[in-house]
1. For helix 93-105, what angle does its Cα long axis make with the longest principal axis of the chain, in degrees from 0 to 90 and rounded to 10?
2. Summing -39500 (n - 2.57) over the DSSP H runs of n ≥ 4 in the chain and dividing by its residue number, what mean residue ellipticity at 222 nm do you reach, to the nearest 500 deg cm²/dmol?
3. Taking Cα atoms, how many degrees apart are the long axis of helix 227-241 and the longest axis of the chain, rounded to 10 and kept between 0 and 90?
4. Considering only DSSP states other than H, G, I, E and B, which trypsin sites (Lys or Arg not before Pro) in the range 98-136 qualify as loop sites with at most 12 other Cβ atoms within 10 Å?
5. If amide hydrogens are placed 1.01 Å from N in the peptide plane, which non-local residues have theirs closer than 5 Å to the one on V193?
6. Obtain the nm distance between the two label points defined at Q162 and R123 by a simple spin-label model: each point lies 7 Å from its Cα along the Cα-to-C-beta direction.
7. So in the chain, what percent of DSSP beta bridges are antiparallel if you round to the nearest 5?
8. Express the carbon and sulfur contribution to the solvent-accessible surface of the chain as a percent, rounded to the nearest whole number, probe 1.4 angstrom.
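The values are calculated or read from the model by the stated rules, or taken from the named source; none is laboratory data. Source: prediction; values computed, not measured. Here the Cβ is made from the backbone with ideal geometry for all residues, glycine too, and neighbour counts use every protein chain on show. The protein model used for the area step is the full one, side chains on, heavy atoms only, and it has no ligands, DNA or RNA in it. Shrake-Rupley method; radii C 1.70, N 1.55, O 1.52, S 1.80 Å.
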Amino acid sequence: MSDADFTSTRLFVDGPLTEGTIVPLRPDQRNYLKNVLRFSDGGALRVFDGRSGEWRARYHDRGKRDAEVTVEAQMRPQPAAGDLWYLFAPLKHARLDYMVQKATEMGVSRLMPVTTHHTQVHRLNLDRMRANAIEAAEQCGVLSVPDIAEPMKLGAVLHAWQPSRRLIFCDEGAVLADPLATLATVPRGPLAVLVGPEGGFDAAERRQLAAAPFTTVLTLGPRILRADTAAVAALALVQASCGDWRGFSA
């Protein structure tokens with residue numbers, strides 16, 4: 001991330017991107033660059049598509065409604081794809097927006113809405129979720145945008161689960177234990193993190209999750225966290241202990 005440029009405007013566009021590619025912009029993207037940021041014709045920006053790295057590009061206005069960018073040179077290659085899933089009980093709009101943005105910033109590769117007994121929100125706008133993920137990636141220098149999965153019931157998720165992916169189950173009712181010590185026992189390999197709804201998991205769900213052979217039960221300390229706060233706390237712990245925060249030194 002040391003080569004990231006946080007002073008330039010960044011825009012997520014359709015790829016693939018190569019030198020000389022001309023990418024038409026959607027009306028909302030044109031409006032953002034021309035009317036919000038006051039871009040002039042030929043203005044420089046950075047573009048990325050989640051697969052081809054980050055590229056320097058030029059904005060060109062093509063009349064009252066049309067605009068495009070011309071891709072010039074690659075500024076950062078695409079990093080190796082992460083493999084961390086985040087499973088969550090759907091939240092109300094503002095808090096769901098926040099959670100999606102923070103999960104994207106934390107390097108999640110797949111967002112999976114899961115309905116549970118105490119889930120309060122049963123209708124999700126997946127396009128809104130993707131827009132929030134893209135906005136977070138544009139603003140913080142991330143070059144990948146997580147996949148957005150269709151909502152599934154918790155039982156169906158567990159039934160279809162591939163045991164090779166370890167599921168970190170954040171259980172507010174578990175006996176308190178050092179979360180870093182717990183995560184130190186997690187085997188290397190693909191991971192997923194599960195955080196429940198505001199009302200928590202019911203007893204049957206907790207028993208089912210704890211009994212699954214692919215599950216590691218994790219506590220998040222002595223306080224009950226809101227679901228969106230728990231997302232940031234759990235993902236930070238997992239990335240630092242088992243994920244892509246490891247192995248760095250000053």
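1. Taking the Cα atoms of the chain, the angle to 93-105 is about 80 degrees.
2. Values: 7 runs with 69 residues, N = 250.
Rounded to the nearest 500, it is -8000 deg cm²/dmol.
3. 90
4. Numbers: sites: K102, R110, R123, R128, R130; in loops: R123.
Hits after loop and neighbour filter: R123.
5. When sequence neighbours closer than 5 places are left aside, the close amide H contacts are W85, Y86, L87, I168.
6. 3.4
7. Working: 16 of 40 bridges.
Of the beta bridges lying entirely in the chain, close to 40 percent run antiparallel.
8. 52
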